[in-house]
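What follows is a set of notes on a single structure, which appears directly below.
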Amino acid sequence: MAATTPETTPYDDDGVVAEVSRPPGDSIGVAVLAHGAGGDRHAVILRAVAGELCARGLVVARIDLPYRQRRPKGPPSPSTAAADRDGIVAACAALRGESTGPLIVGGHSYGGRQASMAVAENPDLADGLLLTSYPLHPPGKPDRLRTEHLPSITVPTVIVHGSTDPFATTDELTAAVALIPAATRVVELEKVGHNLNPDRKPTATLTADAVVEVLLGRGR
């Protein structure tokens with residue numbers, strides 16, 4: 001669990017809507033995290049991960065994707081996915097100045113997928129990629145893999161995966177991650193599904209451990 005409660009303030013400017021958590025003292029980097037298809041910036045998994053990352057010294061911005069800014073409920077539309085990626089890019093640009101350290105981008109499920117595509121399209125967008133519950137394929141449709149862009153990801157990547165996630169088996173995810181030509185680490189949680197149960201499992205702690213070690217190169 002995070003040792004201290006970070007200072008968290010809302011951010012709403014030029015199309016970027018976020019909750020920004022800042023550690024006391026100097027920061028070691030910035031993380032911009034996007035929510036899953038059914039969530040928003042207040043999602044339990046984002047708050048849990050943000051708390052741990054902030055406790056390690058990162059400024060963490062939990063953003064609302066553009067589709068969520070347009071309506072409070074409902075899933076995203078494939079026709080507006082590019083606009084959601086633009087929103088992630090805009091958030092990175094707006095918040096990069098929060099620290100002189102590395103910038104990490106990512107998110108949960110849909111938000112992580114769009115962040116990974118944004119990084120594949122623009123390798124200079126971020127210094128590291130964090131994906132929680134990457135939706136490798138729709139449940140029950142393993143033939144519809146979302147892997148086309150993975151070979152274009154050139155930044156270190158951490159993937160946090162639940163062993164019972166219907167969006168990917170461990171073997172499927174391992175094979176997909178091998179397509180990324182950069183340092184990677186898969187953090188697997190046993191008997192955990194797509195939501196990663198951060199309120200019952202050490203999901204956030206294990207995620208932050210991997211981020212600090214793999215994406216920031218600082219060890220534990």
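Quick notes on this structure:
- Members of the range 90-105 found to be open to solvent by 10 Å² or more (accessible area, probe 1.4 Å) and among the small types (Gly, Ala, Ser), listed by number: 90, 93, 94, 97, 99, 101
- The range 181-198 residues that are over 11 Å from residue 133 (Cβ atoms), paired with ones that are open to solvent by 70 Å² or more (accessible area, probe 1.4 Å) and of a type in the set (S, T, N, Q) (beta carbon under 8 Å, 6 or more apart): 181/154; 182/154; 186/174; 191/164
- Qualifying residue in the range 100-122 (condition: part of a helix (DSSP H, G or I), in contact (Cβ under 8 Å) with a residue 60 or more places away in the chain and of a type in the set (S, T, N, Q)): yes
Yes/no per residue for (1) in a strand (DSSP E or B); (2) surrounded by fewer than 22 Cβ atoms within 10 Å (Cβ to Cβ); (3) at positive phi:
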position	(1), (2), (3)
12	yes, yes, no
21	yes, no, no
26	no, yes, no
31	yes, no, no
41	no, no, no
49	no, no, no
54	no, no, no
60	yes, no, no
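- Test: residue 118 is open to solvent by less than 20 Å² (accessible area, probe 1.4 Å), touching a helix residue (DSSP H, G or I) at 6+ places or on another chain (Cβ under 8 Å) and at pLDDT 95 or above: yes
- Members of the range 62-83 found to be of a type in the set (A, V, I, L, M) and part of a helix (DSSP H, G or I), listed by number: 81, 82, 83
Per-residue answers, yes or no, for (1) among the aliphatic types (A, V, I, L, M); (2) surrounded by 15 or more Cβ atoms within 10 Å (Cβ to Cβ); (3) modelled with pLDDT under 95:
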site	(1), (2), (3)
146	no, yes, no
161	no, yes, no
164	no, no, no
175	yes, no, no
186	yes, yes, no
190	no, no, no
196	yes, yes, no
204	yes, yes, no
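- Inter-residue pairs, beta-carbon under 8 Å, first aromatic (Phe, Trp, Tyr) and in the range 131-150, second at pLDDT 95 or above and in a loop (DSSP other than H, G, I, E, B), 6+ apart: 134/109; 134/167; 134/168
- Taking the criterion of being acidic (Asp, Glu) and farther than 16 Å from residue 48 by Cβ, the residues of the range 190-220 that qualify are 190, 213.
- Odd one out for residue 16 among (1) open to solvent by 50 Å² or more (accessible area, probe 1.4 Å); (2) over 21 Å from residue 192 (Cα atoms): (1)
- Counting the residues of the range 4-21 that are at pLDDT 95 or above and in contact with a Cys (Cβ under 7 Å, 6 or more places away or on another chain) gives 1.
The values are calculated or read from the model by the stated rules, or taken from the named source; none is laboratory data. Predicted model, so just to flag it, every value in this text is computed and none were measured. Cβ coordinates were reconstructed from backbone atoms using ideal geometry, including for glycine residues, and neighbour counts include every protein chain displayed. Ligands, DNA and RNA are stripped out before the accessible areas are found, and what is left, the full protein with its side chains, is counted by its heavy atoms. Shrake-Rupley method; radii C 1.70, N 1.55, O 1.52, S 1.80 Å.
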